[in-house]
Structure formats: structure tokens, C-alpha cells
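All of the numbers you see were taken from the coordinates with simple rules; none came from a lab. Worth saying up front: this structure is predicted, and the values here are computed from it rather than measured. All Cβ positions, even for glycine, are placed from backbone atoms using ideal geometry, and neighbour counts span all protein chains on display.
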Amino acid sequence: MEPALAENSKAHDTDGHARRSKAEAGDAELGEFGKRLRQIYQDTVDEPIPDEMKSLLDRLDDNSNGRSDGAS
Amino acid sequence: MGAPMAQADSSAFKTELAELIPHLRAFARSLCHNAAEADDLAQEALVKAWRARESYTPGTNLKAWVFMILRNHFYSERRKAWRKNEVSTEKDIERPGPATAAQDASVQLEEVRQALDSLSEEQREALILVGAGGFSYEEAAEICGCAVGTIKSRVSRARANLLELLERKQLKNKTPHTSSVIDTLMQEAATRAGEREPK
């Protein structure tokens with residue numbers, strides 16, 4: 001992907017930047033929010049991977065189209 | 001499909017995919033209603049990534065590439081579901097459950113979930129990728145198939161919207177506190193976005 005495809009394509013967002021000072025002024029609570037948001041995400045990252053998912057990769061053999069056809 | 005990857009490359013690719021599983025699960029969970037659905041999505045993305053491995057350019061960002069596959073798959077499946085079942089409205093479906101990781105945990109997490117629900121899907125996704133997933137703006141743009149400026153704008157609007165929401169709530173609750181983690185978070189992300197070029 002080219003970062004250079006910027007600006008023209010879908011960049012029709014409005015009012016995206018006008019809020020900065022407001023954001024800075026109000027960062028108090030969002031600070032806590034941001035921490036929790038990251039925590040929620042990280043909690044999942046830290047969860048043990050289900051066995052089913054681990055074994056999925058083992059079942060993908062090099063020639064197959066990826067279906068778990070038990071070809072090993 | 002192109003020529004088969006060399007065996008060694010294939011197995012290296014598989015190892016790298018395996019390392020991404022926890023992150024794929026986390027991202028999937030930010031898109032799906034529940035953990036089981038999210039894991040299905042993550043598995044499907046893994047299989048798709050594996051099948052498409054010939055089209056991955058070695059040396060480029062594998063994580064962003066697989067996230068893009070996951071995201072595209074999610075939206076295309078959802079479109080199919082819509083077509084099949086027209087009674088579902090966007091409102092019914094738009095209820096991601098990033099909090100399911102700790103569903104038992106607390107009101108706090110429920111609050112985060114509700115706040116995220118209040119964002120548009122695009123803003124939520126951008127905020128999660130950049131704010132929680134640690135992606136640069138460039139990477140997030142690649143994943144979402146849009147311009148870097150669009151991602152920046154979405155993150156910024158997500159933050160502004162959340163602040164408004166939280167301000168309103170704070171007025172109700174009158175429990176001010178003072179930390180600025182998300183600001184730091186966003187600054188970090190911005191810094192990283194500036195430092196790291198996607199290739």
C-alpha cells in the first residue's frame with residue numbers, strides 16, 4: 001500500500017482536526033478510558049491461545065489450499 | 001496463485017502467523033459480538049492468510065497484512081449476512097464486544113464498551129488499531145484500505161467524541177479525576193506514526 005494515495009480518495013472526513021484543543025482540555029477522564037481500552041485489548045492478547053487454533057496451523061499443509069483436510 | 005513457496009519459507013511464514021494469533025484474536029474481538037465469534041473470525045483469517053501466502057511480499061508488514069485480511073473478511077461476511085437477512089439493521093449488528101475479554105470484570109469495562117459503541121464503526125476501528133493495537137497511522141490506513149489522513153481524522157474524531165461523552169457523564173457523576181493516559185497514548189501513537197514508515 002502506498003501512503004502516497006492520501007488526500008484524494010476517501011479523505012472526506014469533516015471536522016477531524018478542529019477538536020484538538022477541546023481534546024486536550026478534556027483529556028482527564030479519557031486518560032483512564034484510554035488505559036482501559038488498551039487493557040481490554042491486551043487482556044485478549046495475553047490469553048492463552050485455544051488449542052483448536054494452535055492445531056489449525058499444524059493442519060495447514062504446504063500444498064493444500066489451506067483447508068484442514070487432515071492430510072498429514 | 002503463484003508458484004508454491006519454498007518449504008522453508010512456508011514454515012517460516014507459518015511460524016510468523018502463529019505469533020500473530022494473540023493479536024488477531026484481540027482485533028477480532030473488537031469487531032465481533034462475542035469471543036467465540038471472534039475466534040472463528042481469527043481462524044478464518046489465518047486460513048485465508050495461509051492460502052494467500054503467495055501474494056504476501058516478504059519483508060513487508062505481515063501483521064498489517066493479516067489484519068487487513070481479517071478485517072476484509074469480517075466486513076464481507078457481514079455484508080453477506082445482511083443480504084441474507086435483511087431484517088438485521090446496522091444498529092442490531094453494530095455491537096462489538098471488546099469487553100468480552102473480561103466480561104466478568106466490572107462496570108468499568110462495560111463503560112468502555114458502551115463508550116466504544118457510541119462511536120461510528122470507522123472511528124472505533126481506527127481508535128482501537130492505533131490506540132490499543134499500537135499500529136502506526138500508516139499501518140492502520142493500510143489495514144483499513146484508506147488514506148493516512150483519513151485514519152488520523154478518525155482517531156481524532158473518536159477521541160473528541162469520547163471526550164464529549166465522558167464530559168457529559170462526568171457532569172452527571174461529578175467525579176473528576178486527572179490523568180491523561182489517552183493523550184499520552186495518542187501522542188505515542190503519533191510519534192510512532194511519524195517515526196515508522198511502513199516500508
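Extending 7 Å from the Cα toward the beta-carbon at both B:LYS84 and B:ALA190 defines two label points whose distance is 4.4 nm. Taking other C-beta atoms within 10 angstrom as a stand-in for reagent exposure, B:ILE21, B:ILE143 fall in the order B:ILE21, B:ILE143, fewest first.
Rounded to the nearest 20 debye, the dipole size of region B:1-57 about its Cα centre is 40 debye, using +1 on the Cβ of Lys and Arg and -1 on the Cβ of Asp and Glu.
Of B:ARG71, A:ARG59, the sequence from fewest to most neighbouring Cβ atoms within 10 angstrom is A:ARG59, B:ARG71. Using the Cβ atoms and a cut-off under 9 Å, what net charge is assigned to the surroundings of B:GLU111, where Lys and Arg are +1 and Asp and Glu are -1? The answer is +2. Separation of region B:130-167 from region B:19-55 is 21 Å, based on Cα centroids.
Annotation: the residues A:THR44, B:THR60, sorted from fewest to most other C-beta atoms within 10 Å of their own C-beta, follow the order B:THR60, A:THR44.
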